[in-house]
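Data block below; observations after.
The values are calculated or read from the model by the stated rules, or taken from the named source; none is laboratory data. As the structure is a prediction and not an experimental result, all values here were calculated from the model. Positions of Cβ are backbone-derived with ideal geometry, glycine not excepted, and every protein chain shown enters the neighbour counts.
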Amino acid sequence: MRLLFKQRLFSWFHTYDIWDEKGDPVYTVKGELAWGHLLRIYDARGVAVGCVKQKIWTWLPQYELYIGDQQIGCIHKEFTFFKPRFTIDCNGWQVEGDWWEWDYRILNSRGVQIASVSKQLWNLTDTYSIDVDDPRDALCALMLVLAIDADKCSRQN
């Protein structure tokens with residue numbers, strides 16, 4: 001399953017539209033006013049299905065991942081000098097990425113790829129392609145991409 005993830009150009013908060021490979025809307029992500037990033041994920045019918053919430057008052061950025069009201073995991077940024085690295089406490093997954101943070105892979109605890117993410121260049125807004133092997137993992141993979149993108153945006157501001 002391929003998800004195309006594009007940030008809206010004109011929005012006060014981070015707002016994203018996510019389509020499948022056929023161009024059908026799958027999710028909409030809307031940022032909300034909060035301390036830190038708060039991104040709510042809605043399915044194609046407009047029903048809230050998940051949330052990425054930044055924890056505040058932490059030494060390095062941390063993002064909690066929710067499906068409904070249940071926390072399913074957390075992603076922590078590690079201290080590094082050059083290449084950003086994250087620790088993921090969600091389904092036993094881990095992230096491997098390149099130095100530029102444009103392409104990365106999400107792996108399970110056995111090192112098997114669950115999803116690959118690539119940033120599409122030459123767009124006015126953040127645009128990613130997310131290839132997910134199992135469609136049941138699409139929402140969790142999307143939440144990881146949102147958390148990493150939120151961290152990247154915070155560092156650039």
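Numbers below:
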| read-out | value |
| --- | --- |
| When residues of the range 35-58 are limited to those that are aliphatic (A, V, I, L, M) and under 18 Å from residue 71 (Cα atoms), the one surrounded by the fewest Cβ atoms within 10 Å (Cβ to Cβ) | 47 |
| Failed item in (1) surrounded by 16 or more Cβ atoms within 10 Å (Cβ to Cβ); (2) more than 22 Å from residue 5 (Cβ to Cβ), with residue 75 passing the rest | (2) |
| The one condition in (1) surrounded by fewer than 12 Cβ atoms within 10 Å (Cβ to Cβ); (2) among the polar types (S, T, N, Q); (3) under 18 Å from residue 152 (Cβ atoms) that residue 109 fails to fulfil | (3) |
| Qualifying positions in the range 35-87 - farther than 28 Å from residue 20 by Cα, touching a residue at least 24 places away in the same chain (Cβ under 8 Å) and part of a strand (DSSP E or B) | 77 |
| Qualifying residue in the range 3-15 (condition: farther than 16 Å from residue 144 by Cβ and in contact with a Lys or Arg (Cβ under 6 Å, 6 or more places away or on another chain)) | yes |
| Qualifying residue in the range 139-151 (condition: part of a strand (DSSP E or B), touching an Asp or Glu at 6+ places or on another chain (Cβ under 8 Å) and within 18 Å of residue 6 (Cβ to Cβ)) | no |
| Tally, over the range 16-30, of residues that are assigned to a strand (DSSP E or B) and either out of contact with any strand residue (DSSP E or B) (no Cβ under 7 Å at 6 or more places or on another chain) or modelled with pLDDT under 90 (or both) | 1 |
| Search result, residues across the range 1-15 that are loosely packed, with under 12 Cβ neighbours inside 10 Å and either at pLDDT 95 or above or in contact with a strand residue (DSSP E or B) (Cβ under 9 Å, 6 or more places away or on another chain) (or both) | 12 |
